[in-house]
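The values are calculated or read from the model by the stated rules, or taken from the named source; none is laboratory data. Values in this document were obtained by computation on a predicted structure and should not be read as measured data. Here the Cβ positions follow ideal geometry from the backbone for every residue, glycine too, while neighbour counts run over all protein chains shown.
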Amino acid sequence: MRVVSWAAAVLAVVLLPAPSLAWGRHNQPPPAERGPRGPRNSPLRQQLGPAPLEQLRRMSPEERQRFLNSLPQRQRANIERRLNNYENLPPKEQQRLQRTYDRFRQLPPEQQNAIRQGFHGFAQLPPDRRQALREEMRNLRSMTPADRRKRISSREFQNQYTPEERQIMNQMTQLGPNR
């Protein structure tokens, strides 16, 4: 159960659409004050290309340290913490996350953005609602597509979750089962 939480956190880091991959996002000014920068032209992406996490993981320890030392301290600490979390996952969990990330990168940009929006909306929910959605998404992922459609269209499901929560779940589950 704990591994799934770490996996979700690492995947969220990879998928969130903030400058510098959402590492340190809460420390940045609101988008209106940041200007037109986005995930495609953030400093981290400009330096590392389209797959920054992958690039950082492939660097030698010396290269990585040199790069991280060039970042502001708060951003560096956030990146180091998340990289350590990822590297401390069991190899099978790392492989599963890599497969999920590879599938994500193959999606059209509009579908990637929908998933990012889902993760962003999820992060904005209160902890109790995040837990409820996390459990429901785990349940939905374990179902066949027909059973999943039946569950989502049920009155119970519609009454249990707000329209915003249903949209978040729809966006976050676009990559399919978590296997």
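When the residues of the range 73-87 are filtered to those that are touching a residue at least 40 places away in the same chain (Cβ under 8 Å) and surrounded by fewer than 17 Cβ atoms within 10 Å (Cβ to Cβ), the one that is nearest to residue 116 (Cα to Cα) is 85. Among residues of the range 162-179 that are at pLDDT 85 or above, those with a beta-carbon under 9 Å from a residue that is among the basic types (Lys, Arg) at least six positions away or on a different chain give the pairs 162/129; 165/129; 171/116.
If the Cβ limit is 6 Å and pairs must be 6+ apart or interchain, which residue in the range 89-110 that is assigned by TED's automatic domain parsing to the domain that holds residue 171 and surrounded by 11 or more Cβ atoms within 10 Å (Cβ to Cβ) pairs with which residue that is at pLDDT 90 or above and acidic (Asp, Glu)? Sorted first by the residue in the range 89-110, then by its partner, the list stays empty.
For residues that are over 14 Å from the mean Cα position of the chain (by Cα) and assigned to a helix (DSSP H, G or I), tally how many sit in the range 97-117.
3
Is there a residue in the range 151-165 that is within 19 Å of residue 100 (Cα to Cα) and within 23 Å of the chain's Cα centre (by Cα)? Checking the range 151-165: not a single residue is within 19 Å of residue 100 (Cα to Cα) and within 23 Å of the chain's Cα centre (by Cα). Flag not set for residue 147, criterion: outside any loop (DSSP other than H, G, I, E, B), surrounded by fewer than 14 Cβ atoms within 10 Å (Cβ to Cβ) and either assigned by TED's automatic domain parsing to the domain that holds residue 55 or within 15 Å of the chain's Cα centre (by Cα) (or both).
Within the range 81-109, the residues that satisfy the criterion of being among the acidic types (Asp, Glu) and modelled with pLDDT under 90 are 87, 102.
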